[in-house]
Structure formats: structure tokens, C-alpha cells
Amino acid sequence: MKEKRKVDNGGVFSYYGKQFKILQKNNQPPIPTRATINVFINSLTGVQVEYKGVIYDTEIFSKPKKSSTDSVKKEKNTYRPPEDHYYKYGRNLVKPIVYDESDQEILSMLEEIFLGKDNFVDRYKNLG
């Protein structure tokens with residue numbers, strides 16, 4: 001049986017859900033990445049690969065398991081500022097801003113300043 005497959009970076013190809021690594025003997029040239037190869041299956045020799053007329057043997061490739069190094073867990077250390085820290089008592093140092101005038105009084109002052117007879121445009125005309 002002969003089928004075509006492509007080789008990945010590590011010299012591994014997939015064939016019907018199993019991955020195989022290509023074994024190179026001393027005198028065989030390496031197969032380049034993403035090269036198209038012919039896969040042969042034989043009951044006597046198993047799975048073999050042919051690339052540019054050269055026959056390569058294969059072995060089943062199993063991905064190496066990830067090393068599960070137990071990471072050292074640090075204790076959760078929440079920083080608590082001392083009792084005399086600014087953030088604990090600082091809001092008491094600043095006096096809150098309180099407006100003595102009501103909103104209506106503030107609006108009437110703004111209208112008088114910007115829309116009254118003696119506004120900026122009139123002052124500019126009087127200068128020239």
C-alpha cells in the first residue's frame with residue numbers, strides 16, 4: 001500500500017492517527033521539512049518511507065510528556081499599611097469643599113459675567 005504524506009520539522013509524519021518518526025542510517029541524506037514522501041506498509045517490514053528513491057525505516061513516535069515541575073507556591077502576602085499611614089487618616093486632613101451659594105445663584109453669576117453688558121467682547125471694543 002502506498003500513500004503520500006508531508007514531513008514536519010522534526011522528521012515526523014502522521015499516518016491514520018498515529019505519528020511516525022523517520023530513522024536515518026549513516027549514509028542516508030536527511031529529508032527536508034515539508035517534503036512529500038511516499039509511505040509503504042508491508043506485513044514483513046512494517047511502515048517504511050520513500051523519498052527520492054531512498055527507503056527509510058520508521059518508528060512510532062510518542063510525544064514527550066510535559067515535565068510537571070511542582071511550582072513552589074508562595075504564601076499570599078497582602079500588604080497592610082501601618083496605622084499612621086496617610087491613606088488611613090488622610091481624608092480627615094482635607095476639608096470638604098462646601099458651596100454657600102445655591103445652584104441658581106451660581107448660574108446668575110455666570111450669566112452676569114459672560115452674558116452681561118460688560119462682557120469680554122465689549123471690553124475689547126472699548127480698548128480699540
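The values are calculated or read from the model by the stated rules, or taken from the named source; none is laboratory data. Owing to the predicted nature of the structure, the values given are computational and were not obtained by experimental measurement. Neighbour counts are summed over all protein chains in view; Cβ atoms, including those assigned to glycine, are modelled from backbone coordinates with ideal geometry.
Hey, any hits in the stretch 2-16 for a residue that's of a type in the set (Gly, Ala, Ser), loosely packed, with under 10 Cβ neighbours inside 10 Å and at pLDDT below 85? Quick ask: steps written out before the conclusion?
Step one: list which residues in the stretch 2-16 are of a type in the set (Gly, Ala, Ser), which gives 10-11, 14.
Then drop every residue that is not loosely packed, with under 10 Cβ neighbours inside 10 Å, which leaves none.
Looking for residues that are of a type in the set (Gly, Ala, Ser), loosely packed, with under 10 Cβ neighbours inside 10 Å and at pLDDT below 85, one finds none in the stretch 2-16, hence no.
Of these, TYR86, TYR51, TYR56, TYR79, which one is within 41 Å of the chain's Cα centre (by Cα), loosely packed, with under 10 Cβ neighbours inside 10 Å and at pLDDT 80 or above?
Details: TYR86 fails: at pLDDT 80 or above; TYR51 fails: loosely packed, with under 10 Cβ neighbours inside 10 Å; TYR56 fails: loosely packed, with under 10 Cβ neighbours inside 10 Å.
From the options TYR86, TYR51, TYR56, TYR79, the qualifying one is TYR79.
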